[in-house]
1. Any idea which of HIS92, HIS72 is crowded, with 17+ Cβ neighbours inside 10 Å and assigned to a loop (DSSP other than H, G, I, E, B)?
2. Just to be sure, is GLY80 in contact with a Pro (Cβ under 9 Å, 6 or more places away or on another chain), of a type outside the set (Asp, Glu) and assigned to a loop (DSSP other than H, G, I, E, B)?
3. Could you tell me how many of the residues in the stretch 95-123 are hydroxyl-bearing (Ser, Thr, Tyr), open to solvent by 50 Å² or more (accessible area, probe 1.4 Å) and either under 27 Å from GLU27 (Cα atoms) or touching a helix residue (DSSP H, G or I) at 6+ places or on another chain (Cβ under 9 Å) (or both)?
4. Just to be sure I understand, how many residues within the stretch 23-69 are assigned to a strand (DSSP E or B), touching a residue at least 12 places away in the same chain (Cβ under 8 Å) and open to solvent by 70 Å² or more (accessible area, probe 1.4 Å)?
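The values are calculated or read from the model by the stated rules, or taken from the named source; none is laboratory data. Note that this is a predicted model, so its numbers are computed, not measured. Quick reminder, even Gly has a Cβ in these numbers, built from the backbone with ideal geometry, and neighbours come from all protein chains shown. Protein only, heavy atoms only, side chains kept; ligands, DNA and RNA dropped before computing areas. Shrake-Rupley method; radii C 1.70, N 1.55, O 1.52, S 1.80 Å.
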Amino acid sequence: TPDRYEHGDMARLARERRRGQEPVMSEPQFTVVAALADVPEGTSRAFAVGARSILLCNDGGAVFALENLCSHAGMPLDGGRVRAGFVACPFHGSHFDLETGCPLNPPASEAVATFAVRIDGGHIAVAV
């Protein structure tokens, strides 16, 4: 088993253990989405990954990936302000934590999906 679990893995592991199954952890598949230079510090930018729109946010040199869809009104988060560990919805102002996707203020009350990120050779890869 890996040392680090991705978002959602802990609930799945608990269900498997309750059923008496040995949990199986598979390595997430990462897809190169953009060059690191495409998302300068303090900005965000949306990219299509398969059928999903993924928002890459660069906050202080750390890159995060979230579903590009506000949980409040279904509007894109692309174009929202990135700072202090959150991205702000440009339509209604909800702030979402970059690490967890959890809303930090109303009107949003549900988290947005987050995805693991790897930086390799100046490229950003996301596990979707």
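1. Numbers: HIS92 fails: crowded, with 17+ Cβ neighbours inside 10 Å.
Selected residue: HIS72, the only one of HIS92, HIS72 that is crowded, with 17+ Cβ neighbours inside 10 Å and assigned to a loop (DSSP other than H, G, I, E, B).
2. On the way: in contact with a Pro (Cβ under 9 Å, 6 or more places away or on another chain): yes; of a type outside the set (Asp, Glu): yes; assigned to a loop (DSSP other than H, G, I, E, B): yes.
Here the answer is yes, as GLY80 does meet what is asked.
3. In the first step, residues of the stretch 95-123 are kept if they are hydroxyl-bearing (Ser, Thr, Tyr); the result is 100, 109, 114.
From what is left, the residues that are open to solvent by 50 Å² or more (accessible area, probe 1.4 Å) are 100, 109.
Filter once more, keeping what is either under 27 Å from GLU27 (Cα atoms) or touching a helix residue (DSSP H, G or I) at 6+ places or on another chain (Cβ under 9 Å) (or both): 100.
Counting residues in the stretch 95-123 that are hydroxyl-bearing (Ser, Thr, Tyr), open to solvent by 50 Å² or more (accessible area, probe 1.4 Å) and either under 27 Å from GLU27 (Cα atoms) or touching a helix residue (DSSP H, G or I) at 6+ places or on another chain (Cβ under 9 Å) (or both) gives 1.
4. Counting residues in the stretch 23-69 that are assigned to a strand (DSSP E or B), touching a residue at least 12 places away in the same chain (Cβ under 8 Å) and open to solvent by 70 Å² or more (accessible area, probe 1.4 Å) gives 3.
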